[in-house]
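Read through the structure below, which is laid out as structure tokens, and then see the notes.
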Amino acid sequence: MTCAPCVGAASTTTTTRLSPYCAPTPVPPPDARDSRPTLISITGSARTSPARSPRLTAAELPFLAPAIPVPGTAYRSGGATADDPGRLPLSELETVMPNHPPGVSRETRQGGDLTSAARRISLDLSVCSNRLGPPDSAVRALESFAAERYRELGPPPYGAEKAYLAAYAAHLDVDESQLLCGRGVTEFLMIFGRLLQSEDVALVTPEYTETMRQFSHAAFYPPAIGRQDCIEHRNERLLQAMRNHRYVVLSNPNNPQGLYTNTATLLEACHQNPNCTLVVDEEYIEFQGPALSLAGADADNLVVLQSTGKTWGVTATRAGILWTRDTTLHHAVQHQLPAWPLSLLDITVATAALVDNEWAHRILPRVRHDAQALEELLRDRFGEAVIPSNIHFRFVHLEDPDAVAEHLEDYGIAVRVFDGAVRGRISGMRVMTPDTAKEFDLLKDALATIPRRLRRGTTSNFRYPGKSVLETIPAATTPFQAQTT
Ligand SMILES: Cc1ncc(COP(=O)(O)O)c(C=O)c1O
């Protein structure tokens, strides 16, 4: 089920849609946003801590946030009576929110989520998953499972994950006992979000949306105001964060900018800062190049996360791994995983994809090559606002990314939009690489007609006045260490 985005309301009536699937979403200060509809997210923590959701009064909370929110239901603030609990079916949203555009705002839609796109999309460049996948070998594995092994769908898949773990250990050339598997990098981020919720964590932003959600309590290290981000600047912030915090979470290469810090720099940072554990999310590492993972590196204060989803174009399967030599952390995470951590169908597809080296060697260089052509096309239009990268998407700084996305939608193209006024974001769009000449031509046509005024980039880097990066470091003892030692 797609998570109902935490989306709100018109200027006159505050409406909140509750979703039990949503973790806290940073809410920008009211005066920082433009005139678009108000975004509000209600979560368990907002209920118990009204101060975290600045637009709600304590009096509103009891009926805004019932004990078990009904998914896909809107909750209205104000006007509730005993007969009218303030709950509205989604179909009535438009009447309550006269200014609300058809569909939810682009910013709140994650890559590949076209469920609420207002127009017909024929070319989805908002995704991050390899559009040339899945490998035929993975599809054949699924077919032969359905034909020959379907009876295995009956019992719980005890031990089935061993095939996936063994394939990943061979792929990374690491000891299998140092790996755990879970439902994609996302599950590990969620587990760390829980384990480290009262810990001193820092993120080098902008970061992957789910990471910023799970670590909304973290200190964020954004690019300096007026400075376009680049590898050097990101590394400066990373080192600063590692010097000052117990944990740093970093996607490398990064989403959404595609910036990549080399292994030597990251390892050196770990060695120089033994009191900080670095969690590196390597979701996109195979796009950068082969054999670049930090898994297996000589560091005890390092955690590596990877998945088979994006690289092999099987994101709808949910499978990934964690590698670390830190046995305390390993056990703490393991404790949070179910006895059968992966679905047997996911194991079947993802393992077949992972071991298909011929496919990876043939396809990934092609993706890199095409992405370079995309970069040139974008540079032609947006110049220096395009961030150079080696992976499969590119980020473009834009003053008004929403208007650019709307223009592209007129051509049936979807891109991922980021609203710079949201904490942890920078203003711009992320564009995935087209994979056929026809798709390139469509994008070229769409870009050719973008009005000059929309081509402006920005590095103003709106600074969300959230938690300061200068806060003091809490004591080193962590709750999970207390439990496991
Ligand atoms: C940086 C980053 N990490 C992790 C993920 C989630 O990946 P998975 O499918 O492995 O859960 C994404 C998805 O977009 C991502 O961009």
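The values are calculated or read from the model by the stated rules, or taken from the named source; none is laboratory data. Because the structure is predicted, anything quoted here is derived from the model rather than measured. No Cβ is skipped: glycine too gets one built from the backbone with ideal geometry, and neighbour counts run over all protein chains shown.
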| query | Are there any pairs, at least 6 apart or on different chains, whose C-beta atoms fall under 8 Å, with the first in segment 127-140 and within 13 Å of the ligand (Cβ to nearest atom) and the second in a helix (DSSP H, G or I) and of a type in the set (Gly, Ala, Ser), and if so, which? | reply | GLY133/ALA353
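Could we say that THR311 is more than 15 Å from the ligand (Cβ to nearest atom), in contact (Cβ under 8 Å) with a residue 40 or more places away in the chain and assigned by TED's automatic domain parsing to the domain that holds LEU153 here?
Working: more than 15 Å from the ligand (Cβ to nearest atom): no; in contact (Cβ under 8 Å) with a residue 40 or more places away in the chain: yes; assigned by TED's automatic domain parsing to the domain that holds LEU153: yes.
So THR311 fails the test.
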| said: Could you check segment 363-405 and list, in sequence order, the residues that are crowded, with 16+ Cβ neighbours inside 10 Å, hydrophobic (A, V, I, L, M, F, W, C) and in a helix (DSSP H, G or I)? | reply: ILE363, LEU364, VAL367, ALA371, LEU374, LEU377, LEU378, PHE382, ALA385, VAL404, ALA405
| When residues of segment 331-352 are limited to those that are assigned to a helix (DSSP H, G or I) and farther than 17 Å from LYS162 by Cβ, the one farthest from the chain's Cα centre (by Cα) | HIS331
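Residue-by-condition table, conditions (1) aromatic (Phe, Trp, Tyr); (2) part of a loop (DSSP other than H, G, I, E, B):
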position	(1), (2)
LEU132	no, yes
PRO156	no, yes
ALA163	no, no
ALA169	no, no
PHE188	yes, no
GLN197	no, yes
THR211	no, no
GLN228	no, yes
| task | Could you please find all residues in segment 184-199 being within 13 Å of the ligand (Cβ to nearest atom) and hydroxyl-bearing (Ser, Thr, Tyr)? | result | THR186
| request: Inspect all residues belonging to segment 151-161 and state whether any of them is of a type in the set (Asp, Glu) and touching a Lys or Arg at 6+ places or on another chain (Cβ under 6 Å). | output: no
| Of these, ARG227, ARG213, which one is over 30 Å from TRP359 (Cα atoms), more than 14 Å from the ligand (Cβ to nearest atom) and among the basic types (Lys, Arg)? | ARG227
| field | Given (1) more than 25 Å from LEU132 (Cβ to Cβ); (2) of a type in the set (Val, Ile, Thr); (3) within 10 Å of the ligand (Cβ to nearest atom), number of the condition ILE321 does not satisfy | value | (1)
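So in segment 148-186, with the set limited to residues that are among the small types (Gly, Ala, Ser) and more than 23 Å from THR315 (Cα to Cα), which one is surrounded by the most Cβ atoms within 10 Å (Cβ to Cβ)?
Restricting attention to segment 148-186, the residues satisfying the condition of being among the small types (Gly, Ala, Ser) are 154, 159-160, 163, 166-167, 169-170, 177, 182, 184.
Then keep just the ones that are more than 23 Å from THR315 (Cα to Cα); that gives 154, 177.
Numbers: GLY154: 6, SER177: 10.
Ranking the qualifying residues of segment 148-186, first place goes to SER177.
Based on what the data block shows, is THR317 buried (at least 21 other Cβ atoms within 10 Å of the Cβ) and either under 21 Å from the mean Cα position of the chain (by Cα) or not assigned by TED's automatic domain parsing to the domain that holds LEU259 (or both)? Show your work before the answer.
Working: buried (at least 21 other Cβ atoms within 10 Å of the Cβ): yes; either under 21 Å from the mean Cα position of the chain (by Cα) or not assigned by TED's automatic domain parsing to the domain that holds LEU259 (or both): yes.
Spelling it out, THR317 is indeed buried (at least 21 other Cβ atoms within 10 Å of the Cβ) and either under 21 Å from the mean Cα position of the chain (by Cα) or not assigned by TED's automatic domain parsing to the domain that holds LEU259 (or both).
Quick check, is GLN257 assigned to a loop (DSSP other than H, G, I, E, B), of a type in the set (S, T, N, Q) and out of contact with any Gly (no Cβ under 7 Å at 6 or more places or on another chain)? Before you say what the answer is, go through the steps one by one.
On the way: assigned to a loop (DSSP other than H, G, I, E, B): yes; of a type in the set (S, T, N, Q): yes; out of contact with any Gly (no Cβ under 7 Å at 6 or more places or on another chain): yes.
Taking the combined requirement at face value, the residue satisfies it.
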| request: Report whether or not LEU250 is touching a residue at least 40 places away in the same chain (Cβ under 8 Å), within 12 Å of the ligand (Cβ to nearest atom) and buried (at least 23 other Cβ atoms within 10 Å of the Cβ). | output: yes
